[in-house]
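As structure tokens, the structure follows; a few thoughts come after it.
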Amino acid sequence: MMSEQLENKTLKRALQEAQAYVQKGGTLADAFKLNPKVFPPIMVNMTAAGEMSGNLEVCFDRLTTHFETANALHSKVKGAVTYPIVILIVVVAVVAVLLVGVIPQFSQMFDDLGSELPAATQMLVNLSDFLQHKWYILVIVVAAIVFGLKTEPGSLLYAKIGIKFPLFGNLTIKSAAATFSRTMATLMASGISLIDAVEQVAKMINNRIIREALLDTKTQIAKGVPLSKPLRDCGLFPPMLSQMTKIGEETGNIEDMMDKVADYYEMEVNDATDALTAAMEPLIIVIMGVVVGGIVMAIY
């Protein structure tokens with residue numbers, strides 16, 4: 001019934017393949033594994049847990065809550081990050097038009113004056129000449145930076161910037177804490193083992209440093225170390241996360257504790273996102289004013 005209602009062709013085809021697989025006697029979880037790009041590991045594992053326990057509908061209900069919450073959080077963070085990036089692109093475009101389209105018209109007039117130009121004006125003319133005649137150097141530099149970010153040191157540097165960069169770093173940490181707590185609560189409440197749950201959460205985290213810290217946490221847990229200790233020792237997450245995890249371990253109620261932590265950090269992410277957006281708006285206006293106004297002053 002679902003496959004007949006869907007307009008998305010990829011999802012429709014995946015469900016039809018799952019239906020055919022189940023009709024042949026396979027499990028629904030194994031059917032989802034046929035299309036790993038459509039059905040994420042958390043859905044496959046929770047479906048398997050639901051089939052084994054006989055509580056499949058409960059697992060799907062938890063998955064619904066998990067994906068809706070995660071999507072809302074992701075959209076909020078993405079919106080906060082997208083806004084300054086778009087404005088930055090507009091600023092770069094405006095400056096490029098001024099340097100390539102406007103400044104050359106003044107350059108000829110400056111040459112006709114036959115006098116020495118002020119340092120700021122001369123620098124502006126030189127930059128304009130560079131963009132007109134040696135723009136390919138800029139393209140090579142940008143390409144080298146993009147390629148460098150895909151290398152081992154580059155990806156590590158990018159991850160460090162994501163954690164340490166002012167304004168955005170705090171948002172990255174809190175977002176990771178919210179994702180970790182919510183996903184752990186969802187998985188463990190469905191009967192997924194602690195080691196497998198930590199591994200799945202690690203794969204969901206985009207930041208490489210945090211992801212590697214969680215994979216190391218999984219290794220520590222396999223050696224018998226409580227979850228709260230590597231979370232505290234890695235020094236990445238806020239202290240509250242490891243403290244609440246330790247309380248959950250001591251009381252034997254870690255799933256509920258993770259749910260409470262997730263609620264707290266999701267609220268923190270929302271507040272941090274709103275604060276970031278509010279701070280970026282006047283900052284971007286000031287930057288635009290300084291850049292464009294500086295160019296105009298240099299011409300005058």
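For residue 34, the conditions (1) over 26 Å from the mean Cα position of the chain (by Cα); (2) more than 24 Å from residue 199 (Cβ to Cβ) all hold with the exception of (2). If you go through the stretch 153-178 and keep only what is touching a residue at least 12 places away in the same chain (Cβ under 8 Å), among the hydrophobic types (A, V, I, L, M, F, W, C) and closer than 22 Å to residue 73 by Cβ, you end up with 159, 163, 167, 168, 171, 173, 176, 177, 178.
In contact (Cβ under 8 Å) with a residue 60 or more places away in the chain, out of contact with any His (no Cβ under 9 Å at 6 or more places or on another chain) and either closer than 30 Å to residue 94 by Cα or exposed (fewer than 15 other Cβ atoms within 10 Å of the Cβ) (or both): does that describe residue 251?
Numbers: in contact (Cβ under 8 Å) with a residue 60 or more places away in the chain: no; out of contact with any His (no Cβ under 9 Å at 6 or more places or on another chain): yes; either closer than 30 Å to residue 94 by Cα or exposed (fewer than 15 other Cβ atoms within 10 Å of the Cβ) (or both): yes.
The answer is no for residue 251.
Selection of the stretch 240-273 for residues being at negative phi and not in a helix (DSSP H, G or I) yields only 253.
Which helices (runs of 4 or more DSSP H) does the stretch 161-228 wholly contain that include 3 or more residues that are open to solvent by 50 Å² or more (accessible area, probe 1.4 Å), among the acidic types (Asp, Glu) and out of contact with any helix residue (DSSP H, G or I) (no Cβ under 7 Å at 6 or more places or on another chain)? Walk me through how you get there before you give the answer.
Numbers: elements: 168-189, 194-204, 208-222.
Once the helices (runs of 4 or more DSSP H) in the stretch 161-228 are filtered for at least 3 residues that are open to solvent by 50 Å² or more (accessible area, probe 1.4 Å), among the acidic types (Asp, Glu) and out of contact with any helix residue (DSSP H, G or I) (no Cβ under 7 Å at 6 or more places or on another chain), nothing remains.
Cβ-Cβ distances below 9 Å connect the following pairs, each with a first residue in the stretch 1-28 that is in contact (Cβ under 8 Å) with a residue 24 or more places away in the chain, a second residue that is among the acidic types (Asp, Glu), and a separation of six or more residues or different chains: 27/51; 28/51.
Which residues, counting only those in the stretch 23-54, are modelled with pLDDT of 85 or more and exposed (fewer than 13 other Cβ atoms within 10 Å of the Cβ)? Result: 23, 24, 25, 36, 37. Residues in the stretch 103-145 that are surrounded by fewer than 14 Cβ atoms within 10 Å (Cβ to Cβ) and among the β-branched types (Val, Ile, Thr) were compared, and the one that is nearest to the chain's Cα centre (by Cα) is 145.
The values are calculated or read from the model by the stated rules, or taken from the named source; none is laboratory data. A quick note: this is a predicted structure, and the numbers were derived from the prediction, not measured. Here Cβ is always computed from backbone atoms with ideal geometry, including for glycine, and neighbour counts include all displayed protein chains. What goes into the accessible areas is simple: the full protein's heavy atoms, side chains included, and nothing from ligands, DNA or RNA. Shrake-Rupley method; radii C 1.70, N 1.55, O 1.52, S 1.80 Å.
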